[in-house]
Amino acid sequence: MDLRRLGQTELLVSRIGFGAFKIGRNQGAKYPNAYDLPSDEQIEGLFESLLEMGINYIDTAPAYGRSEQLVGRATAGRRDHFVISTKVGEAFEAGHSIHDFSANAVRQSIERSLGRLKTEVLDLVFIHSNGEDLQILHESDAVATLQQLQQKGCIRAIGFSGKTIEGTAAALSWADAIMVEYSIGQRDLKAVITEAAKAEVAVMVKKGLGSGQLPPTEAIRFVLANPAVTSLLIGSLNIDHMRENVAAAPRNTSV
């Protein structure tokens, strides 16, 4: 699996990453088909297979149910083999999402993530937008708090997982990475992705397969054909499908 540098950091991430939503949560999911949560044994086998395929980038979040704890358990003892991103601003409790972008909430979220992921430093932390991108960026303490924690050494890289063109573009002035929706059927942020590359900001793509509704091979090749894309997150729990996804990725694109 080809690796790409994460923006201007020293971190190297696989062109296909693993989105860890499905290992920790199946309530309120936006996938077309229902699914059962995997067992601990299945998760262990999945992470072994991800490493064998060359996938080292894992994305999780407090809003993904038990995902952080399970990722922490699966990567324990081999933490250096993975680059893990998580998020602040959203949690999932009692079947509902709760958003809080205050300085205190961000600090508490980081402390919990450090414990759940069994690590002393978080590789990459995104602000998990609820759609009010500009309000979060300009009227909350989320960005300043992440920058302070980054300076303290708790976090290696920080970024923004937004929902609007304006908000994502505004994050390019401070972010090491952005997370965006981009696919054959969703190209609204294409210009922002191009600008991110010019600013040497990493671009992590979510929902590149349209939450499982697009032809996977065509969808993967479309996303990764864009040289500005750093990594495409795919959340399949089927190891054979993940191998097919890796086989579909274009080669010789490492940076």
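Every number here is computed from the coordinates shown, using simple stated rules; none is lab data. Values in this document were obtained by computation on a predicted structure and should not be read as measured data. Neighbour counts run over all protein chains shown; Cβ positions are idealised from the backbone, glycine included.
Can you pull out the trypsin sites (Lys or Arg not before Pro) in region 127-214 that DSSP calls coil and that have at most 16 other Cβ atoms within 10 Å? Don't skip to the end; give the middle numbers.
Numbers: sites: LYS152, ARG156, LYS163, ARG187, LYS190, LYS198, LYS206, LYS207; in loops: LYS163, ARG187, LYS207.
Sites meeting the loop and neighbour criteria: LYS163, ARG187.
Note down the relative contact order for the chain as a percent, whole number, built from C-alpha pairs under 8 angstrom at least six residues apart. Could the numbers behind the result be given before it?
Details: 512 pairs, mean separation 55.6, N = 255.
Reported as a whole number, the value is 22 percent.
Amide H neighbours of GLY17 under 5 Å, at least 5 residues apart or on other chains, H built in the peptide plane: list them.
LEU232, LEU233, ILE234
Given an 8 Å cut-off on Cα distances and at least 6 residues of separation, report the relative contact order of region 143-236 as a percent. Write down the numbers at each step before the final one.
Values: 139 pairs, mean separation 20.8, N = 94.
That works out to 22 percent.
Do any GluC sites (Glu not before Pro) in region 9-59 lie in a DSSP loop with no more than 14 other beta carbon atoms within 10 Å, and if so, which? Show your work: numbers first, answer last.
Numbers: sites: GLU10, GLU41, GLU44, GLU48, GLU52; in loops: GLU10.
Of the GluC sites (Glu not before Pro), the ones in loops of region 9-59 whose Cβ has at most 14 other Cβ atoms within 10 Å are GLU10.
I want the local charge near ARG66. Using Cβ-Cβ distances under 13 Å, sum +1 for each Lys or Arg and -1 for each Asp or Glu among the other residues.
On the way: positive: LYS22, ARG25, ARG73, ARG112, ARG116; negative: ASP40, GLU68, GLU93.
Neighbour charge sum, excluding ARG66 itself: +2.
Give me the number: length gained by fully extending ALA144 to ASP36, i.e. 0.36 nm times residue separation minus the C-alpha to C-alpha distance, one decimal in nm. Display every interim value, and only then the final one.
On the way: separation 108, 0.36 × 108 = 38.88 nm, distance 3.85 nm.
Roughly 35.0 nm would be gained on extension.
For the chain, what is the mean residue ellipticity at 222 nm derived from helices alone (per DSSP H run of n ≥ 4: -39500 (n - 2.57); sum divided by total residues; nearest 500 deg cm²/dmol)?
That comes out to -10500 deg cm²/dmol.
Return the distance in nm (one decimal) between the two label points of a simple spin-label model at ILE98 and HIS81, each offset 7 Å from Cα along Cα→Cβ.
Calculated label separation equals 3.5 nm.
Under 8 Å for C-alpha pairs, at least 6 residues apart: give me the relative contact order for region 80-119, rounded to a whole percent. Write out the running numbers ahead of the final one.
Values: 20 pairs, mean separation 12.7, N = 40.
Across region 80-119, relative contact order equals 32 percent.
When all C-alpha to C-alpha distances in the chain are sorted into bins of 10 Å, what percent of pairs does each bin hold, rounded to whole numbers?
7, 34, 40, 18, 1
Mind listing the phi-derived Karplus ³J(HN,Hα) values for region 173-179, rounded to whole Hz, using 6.51, -1.76 and 1.60 with θ = phi - 60°, and x for any glycine or proline?
6, 10, 7, 7, 7, 10, 10
In region 22-90, which trypsin sites (Lys or Arg not before Pro) fall in coil by DSSP and have 13 or fewer other Cβ atoms within 10 Å? Walk me through the numbers before you get to the answer.
On the way: sites: LYS22, ARG25, LYS30, ARG66, ARG73, ARG78, ARG79, LYS87; in loops: ARG25, LYS30, ARG66, ARG78.
Counting only loop positions with at most 13 other Cβ atoms within 10 Å, the trypsin sites (Lys or Arg not before Pro) in region 22-90 are LYS30, ARG78.
How many angstrom separate the Cα center of region 57-83 from the Cα center of region 139-174?
If we compute the Cα centre of each part, the gap is 21 Å.
What FRET efficiency comes out for the pair GLN151/ARG5, r = Cβ-Cβ distance, R0 = 25 Å, nearest 0.05? The partial results should precede the final answer.
Numbers: r = 21 Å, r/R0 = 0.86.
Using R0 = 25 Å, I get an efficiency of 0.70.
For VAL88, what residues show an amide H to amide H distance below 5 Å, using hydrogens built from the backbone and excluding near sequence neighbours?
Placed amide hydrogens put PHE126, ILE127, HIS128 under 5 Å from VAL88.
Ignoring chymotrypsin sites (Phe, Trp or Tyr not before Pro) that are buried or in helix or strand per DSSP, and keeping those with at most 15 other beta carbon atoms within 10 Å, what is the longest stretch of the chain between them?
Values: sites that count: TYR35, TRP174.
So the longest stretch without any such site is 36-173.
Fewest first, what order do SER231, SER129, SER39 take by the number of other Cβ atoms within 10 Å? Walk me through the numbers on the way to the answer.
Numbers: SER231 29, SER129 26, SER39 9.
Listed from fewest to most nearby Cβ atoms, that is SER39, SER129, SER231.
Under a point-charge model restricted to the Cβ atoms of Lys and Arg (+1) and Asp and Glu (-1), what is the dipole moment magnitude of the chain relative to its Cα centre, in debye to the nearest 20? Don't skip to the end; give the middle numbers.
Working: 26 positive and 30 negative charges, 60 e Å.
Result for the chain is approximately 280 debye, rounded to the nearest 20.
How much length is gained if the chain between GLU52 and ALA199 is pulled fully straight, taking 0.36 nm per residue apart and subtracting their Cα-Cα distance, in nm to one decimal? All intermediate terms of the calculation are to be shown ahead of the outcome.
Details: separation 147, 0.36 × 147 = 52.92 nm, distance 3.26 nm.
Stretched fully, the GLU52-ALA199 segment lengthens by 49.7 nm.
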